[in-house]
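Accompanying notes for the structure given below.
The values are calculated or read from the model by the stated rules, or taken from the named source; none is laboratory data. What you see is a predicted model; the values in this text were computed from it and never measured. Quick reminder, even Gly has a Cβ in these numbers, built from the backbone with ideal geometry, and neighbours come from all protein chains shown. SASA here: full protein model, heavy atoms, side chains in, ligands and nucleic acids out. Shrake-Rupley method; radii C 1.70, N 1.55, O 1.52, S 1.80 Å.
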Amino acid sequence: MNRILQCNDVSVRFGGVQALGDVHFDAEEGGITAVIGPNGAGKTTLLNVISGMVQQHAGFLIYGGADISTAPPHVRAGLGMVRTFQNLEIFSNMTVLENVMIGCHGRLSVPAWCSLLRTPRSVALERQIREEALEALEFVGIADLAGSTAKDLAFGRQRLLELARALAARPRLLLLDEPAAGLNIAETQHLGELIQRIRDANSLSVILVEHDMDLVMGISDAIMVLSFGQVISRGTPAQVQKDPQVIAAYLGVEED
Amino acid sequence: MKAARWIVVLLLYLLCSASALAESIKIGAVLSVTGPASFLGEPEKNTLLMLRDQVNSKGGINGQQVEVIVYDDESDVNKCVMAAKKLLDQDRVSVVVGPSISGNTLAIAKFFSSAQVPLISCAAAEKIVRPVDPWIFNTPQLDRHAVTKILLDAQSRKYSKLAILTVSDGYGQAGRGVLKELIPAQGFALVADESFGPKDTDMTAQLTKIKGTSPDAIICWGTNPGPAVVARNRTQLGLTTPLYMSHGVASNKFIELAGEAAEGLILPAGRLVAVEQVPAGHPQKRVLEEYVANYTKTYNTPVSSFGGYAHDAFALVREAIIKGGSAKPSDIRNNLEKISSFAGTSGVYSYSSDNHNGLDENAFIMVTIEKGAWKVMQ
Amino acid sequence: MQNGYNVAYRRDMFWLAGFFTLLMLAPFCMPNNYYLTILILCGLHAMHAVGLCLLVGHAGQISLGHAGFYGLAAYTSAYLSTTLGLAVGLSMVAGVVLTVLISLLVGLPSLKLKGHYLAMATLGFGIILSILFTETVDITGGPSGFVGIPRLSILGQELTTDIAVYRAVAVVLCLMVWLSFNVLHSRIGRALRALHTSEKAAQAMGVDIARFKLFVFVLSAAFSSISGVLYAHYLTFIAPVSFGFMFSVELIVMVVLGGMVSVPGSIVGAFFVTILPEFLRAFENVEVVLFGAILILCMMFLPDGLAGGWNRLWSRFRRAVHE
Amino acid sequence: MDSSSLLQYLITGLTLGSTYGLTALGFTIIFNTTGVINFAQGEFVMLGGMMSVFLVRVLGVTVPLAVPLAALGTMLTGALVERLAIRPVRGCPSINLVIITIGVSILIRGLAMLFWGKDTHVLEPFSGDQPVMVLGAAIMPQAFWVLAISVILLTGLKLFFSLTTQGKAMLACSFDPKAASLVGIGVQRMVMLSFMISALIGAVGGIILTPITMTSYDKGIMLGLKGFAACILGGLGNPFGAAAGGLILGVLESLGAGFVSSAYKDALAFIVLLILLFVKPSGLFGQKDAKRV
């Protein structure tokens, strides 16, 4: 299989703290790759580096064959790399539909003067954006909420909204940052199915940062385990589950 | 929708104001009663209202009562323009006194020439009356006259190197222009040209810089409170270089603000600052005494030479109406130009078709400050 | 449902048509030029308010430097037409173009700053400009002002009457409102609202936030500069006091008073702030106190501005009708 | 340029800068508890000056008595402003609060104009105006007063924030008002306290500066502007940054007037400020993450 993303020797420091140290990380094309690890292991930092929100101090990133090490976030988004956020970053004052329409922003565009003068081209594009946004909403199953203000949605629905917004961007690589945080068991199960369905329907790749082990073990093709910024294990779910180092890191047992 | 409601209110407002007195002479005024130039506008407004009451209690001008409509422009150009339009288009006044400051006068001058209503400005800039616009007059002494007086004094003291320190507002700019023209023309060397902001509170840096050029005298051009700060800073720095001030500070307020630092400063001023020192036979003596007495009695505050500008404007208008027996704007204008040797508080006016200021440097006397009081220099 | 988005746009267009008609009819209710002058100034101020509504209300980027752009355009056009004798139309275009370029240069580094720091940077820039207007006496005429600017002319036709100027201002204002509605109902408007709420998420969705901030900054500066050239050639006199930082603050007051995110609201805010002092004129010295008090009370009782207050009133009225 | 001139410029700049620094200090304290820039801060400075002038000149109170009275009066005004204009709208977006403070500043300025007139007033220096000469540069005795009182104020603040319960509670509010209210701190009371403290600082500044800068009803505008600039220069939220920012701004202006051009001294100061912001987007001593408006 092809690798859609390669992270080589990525290091990040915050002040004196080494958040990531020489991390190698690959994501397979069409696969669901999970990153797990205890709190403070550097999972979200890794996601931030991949999406360009945090600049790595060392190392480089290859995405779809191109070096994107210094590309700003919106450029990476334009290349089909779209993320969600651990603490929900929805646009709370906009409607659900508008939120998802933002997802189309990078992909469906006209020059600014077209928007300014509202040329037929701009009007047609707006219609297309609208339709595609509705499709994405339907896909995650909240199309009936299109007209509501985003902040009025229940928490679980807001998670789905964020997913729909990411989908509207038609990503090649979807970065999910703890999508199950705050969801109940039923919702988490539904989410797991949804992620797989998304992957299959759009033939995209997923990088999943998650705490919920049932979800991770259930849907991942490959897993990498981080602890204190270091990779301590990688492999299939079955391999990782048996790794004594992983068990030690999670249970806090001293290594021999 | 909101706009519609405003229009209704506007219309109602208009109806109310339309029922004004008939048969009276309407004199409008746009003055800076508030804002940075309120030290000009307030005494001007007080003076106009006082004169109106005086004239009306004596039966008006030519038997007609006088109505004075004063608008405050808050020292702001836009408000001044709106006030001028209101006076011209809505109140339909026969003549307008003001504005208090030069910028505002220049901004509204053209409305008066096109409406053919005379404007008598209380601001001093030369641009107002040169070149002459048939409908625009002014009453204050020109900066040119003040500078000429100062330079004559400097010449008599054999000074050769002069430094100037001017405020960066309309008044200071006008003064600086004339100073930079006349100082070299009269054979002096201009060794330093510094300025300060109208709201600055410390001019030590400028004075220190001027000190480095060792001039024979410093000329400071501004209105309160800046020059008072200059005077104080000069004493504080131990600077003994003589300091000239402009007529912009010719008020008791300056002496109060500058305190002991005012001692020995020299400036040109209208005779209003030292009425009791004006010789008995002088043509201005009577009008000055009358104005000072009335103003202090009416308002219980000391008179200022700025109020005098409005006094003279009103007196000139009255004179023109009496002379021509008509209060029509065009007649007022024509008769203003015929006034000659008319004594006002700021000087003796002689208007003509090519002189709409009417004063010369004799309107100024040189004064100094001694023991906290004005003293006329011989 | 399918056309829900167009419905909102159509409603705004309907409002714009009504507003335009009102502006065109207003002079017939005006007994004299004084009221026309007020309306012209209102219109000129509303141009700033519309631009700032996009910049401050929608994109959430504060600017206290727009009085500087206003003045820069006014002085540039005045200098070119009066001192250098260029045609008025050409000078006006040059004034706007120069201001747009300068706003681009200013916006580039400034818009990286956030919140109060951005406010300070734009404020500082505005103050530097107003010092230049005051001190470069040879070019600007200094504090006592720039005199003798030729009157407004369009395609070589001089607008000699106030009513002609008024119509020109009204048309330009409505064009700006139209452009603003177009922007707000497009992907640009969405991107601006998005980056206002969360710059992080907007970036992650592919919004080039620096570019869109700059776009709306320059657009609002362009509106201000157009207002500036119209002002200079309407009044034929300009002075630095009109372009000081207090005017920038006043512009923000207009937008906030109007309800921040509503274009019609900002226009009403601009009209309100411009007309109010004229009404308070009768109170003389107390005027300033009243102005301050009205401003405080408005903000206390209409926290979402005049537009918000109007909406609440309207919906209460509708409910009353239904019952 | 000789060294005595340079020294004179520095002294002038520091005296001028302390006026900005004192205003900036007041800005900082209200900003820390409310997240709002109080546009009426300059008005507090003006009130301190005008009240003391009124007490001394009109009511004939002696200066040592007038100073605490004027400070108290301004503090009361600060409390009133918070109670009447700020508290009723708590929870509104901060831009609304900022506009309200603009309204308050217009109102206070207008009232001061009505009560005390439009004239400029001056107070006699506390200990004469015979300058002290140091290496050819003159220092006014009043400058020592200003310097000493500024240092006392700063130290007092420092002690207040680190030693008293009230001070610590206020500090807690500035870090996280929600958490502070959860642990039982009356956030409203802290906001009230912050208005009173910054009014007090402003008033004291206004009083001790009046002998140098004079005072009038519209003194607050310029001081507010420069104070805000000083705040930003030092980094918002840091009281010592604000004081330092004020001094730097003052020295910049004075050196600009001395060595470059007195006409462009303010422009020079602002250009330096802009360049600094572009290099260091949250001021000299500010935290990295700037708050939003």
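Brief remarks follow.
- Distance histogram in 5 Å bins (all Cα pairs of segment A:40-191, percent per bin): 2, 9, 17, 18, 19, 15, 11, 6, 2, 1, 0
- Ellipticity estimate at 222 nm from DSSP helix runs (n ≥ 4, -39,500 (n - 2.57)) divided over chain D, nearest 500: -23500 deg cm²/dmol
- Hydrophobic, long helices, defined as DSSP H runs whose alpha-carbon span along the helix axis is 30 Å or greater and whose mean Kyte-Doolittle value is at least 1.6, occur in chain D at D:94-116, D:141-163, D:187-213.
- For B:Ser195, nonlocal amide neighbours, meaning residues 5 or more places apart or on other chains whose placed amide H falls under 5 Å from its own, are B:Thr166, D:Ser262, D:Ala263.
- Residue by residue along C:191-203, Cβ atoms of other protein chains within 10 Å of the local Cβ number 6 on average.
- Shielding by other protein chains, B:108-115, mean Cβ within 10 Å: 2
- Excluding ligands, DNA and RNA and using a 1.4 Å probe, chains B and C jointly bury around 3800 Å² of accessible surface, summed across both partners.
- Spherically averaged projected area of chain B from its Cα convex hull (nm²): 20.0 nm²
- Reciprocal of mean inverse Cα separation for segment A:112-209 (Kirkwood radius, Å): 14.8 Å
- All Cα pairs of chain D, percent lying beyond 36 Å: 14 percent
- For segment C:66-137: Kirkwood Rh in Å [reciprocal of mean 1/r, alpha carbons]: 12.9 Å
- Accessible surface of segment C:2-322 [probe 1.4 Å, protein heavy atoms]: carbon and sulfur percent: 70 percent
- Globularity ratio of chain A, using Cα Rg and 2.2 N^0.38 Å: 1.05
- When Rg and the Kirkwood Rh are both derived from Cα coordinates, the Rg/Rh ratio for segment B:143-269 amounts to 0.92.
- In summary, segment A:92-168 shows an alpha-carbon radius of gyration equal to 1.12 times the 2.2 N^0.38 Å reference for compact globular proteins.
- Calculated over segment C:2-322, the projected area of the Cα convex hull averaged across directions stands at 18.8 nm².
- Each of B:Gly197, B:Ala261, B:Leu152 was placed along the dipole of segment B:143-269 (beta-carbon charges, centred on the mean Cα), and the one lying farthest toward the positive end is B:Leu152.
- Spacing of the modelled spin labels on C:Phe301 and D:Cys92, each 7 Å from Cα toward Cβ, amounts to 1.3 nm.
- Segment B:67-173: proportion of alpha-carbon pairs further apart than 15 angstrom, %: 67 percent
- Projecting label points 7 angstrom from Cα along Cα→Cβ for B:Gln378 and C:Leu175 puts them 7.3 nm apart.
- Protection-proxy order for peptides A:60-72, B:217-229, each taking the mean of Cβ atoms within 10 Å per residue, highest first: B:217-229, A:60-72
- Percent RCO, i.e. relative contact order, over chain B, from Cα pairs under 8 Å lying at least 6 residues apart: 17 percent
- Per-pair calculated FRET efficiency, R0 = 60 Å: C:Val93 and B:Ser330 via Cβ, rounded to 0.05: 0.90
- For the protein assembly as shown, with +1 on Lys and Arg beta carbons and -1 on Asp and Glu, the positive-most of A:Ser203, A:Ala19, B:Leu288 along the dipole: B:Leu288
- When restricted to Cα atoms, segment C:136-194 yields an Rg and a Dmax of 18.3, 47 Å, respectively.
- Averaged over B:207-213, number of beta-carbon atoms from partner chains that fall within 10 Å: 5
- Euclidean distance of C-alpha centroids, segment C:68-131 and segment C:258-302, integer Å: 27 Å
- For the pair segment B:105-119 / segment B:309-378, the C-alpha centres are spaced 20 Å from each other.
- Sites B:Ser114 and C:Arg10, calculated FRET efficiency, Cβ-Cβ separation with R0 45 Å, nearest 0.05: 0.50
- Calculated mean residue ellipticity, 222 nm, chain A: -12000 deg cm²/dmol, from DSSP H runs (n ≥ 4) at -39500 (n - 2.57) each, averaged per residue and rounded to 500.
- Using alpha-carbon coordinates, inclination of helix B:170-185 to the longest axis of chain B, degrees: 50 degrees
- Its DSSP H runs of at least 4 residues, each contributing -39,500 (n - 2.57), put the calculated 222 nm mean residue ellipticity of chain B at -13500 deg cm²/dmol, to the nearest 500.
- Listed residues B:Ala174, C:Ser144, C:Leu155: farthest to the positive end of the dipole of the protein assembly as shown (Cβ charges): C:Leu155
- Pair-distance profile P(r), taking every C-alpha pair of the protein assembly as shown, with 10 angstrom steps and integer %: 2, 9, 16, 20, 19, 15, 9, 6, 3, 2, 0, 0
- Tail beyond 20 Å, pair distance distribution of segment C:1-71 (Cα, percent): 53 percent
- Centre-to-centre, using Cα atoms only, segment A:19-63 and segment C:155-178 are separated by 58 Å.
- Relative pair counts by distance (%), Cα atoms of segment A:151-200, 10 Å bins: 24, 59, 17, 0
- For segment D:195-293, applying the loop criterion from DSSP together with a ceiling of 11 other beta carbons within 10 Å to the trypsin sites (Lys or Arg not before Pro) yields D:Lys288.
- Angle in degrees between helix B:226-236 and the longest Cα principal axis of chain B, rounded to the nearest 10: 20 degrees
- Spin-label model, C:Phe28/C:Glu158: points 7 Å from Cα along the beta carbon direction are separated by 3.0 nm.
- Straight-line cross-link reach from B:Lys199 at under 26 Å between alpha-carbon atoms covers these lysines, not counting any fewer than eight positions away in the same chain: B:Lys45, B:Lys79, B:Lys127, B:Lys180, B:Lys209, B:Lys211, B:Lys253, D:Lys118, D:Lys219, D:Lys226, D:Lys265.
- Put simply, when C:114-122, C:228-236 are sorted by average Cβ atoms within 10 angstrom per residue, most first, you get C:228-236, C:114-122.
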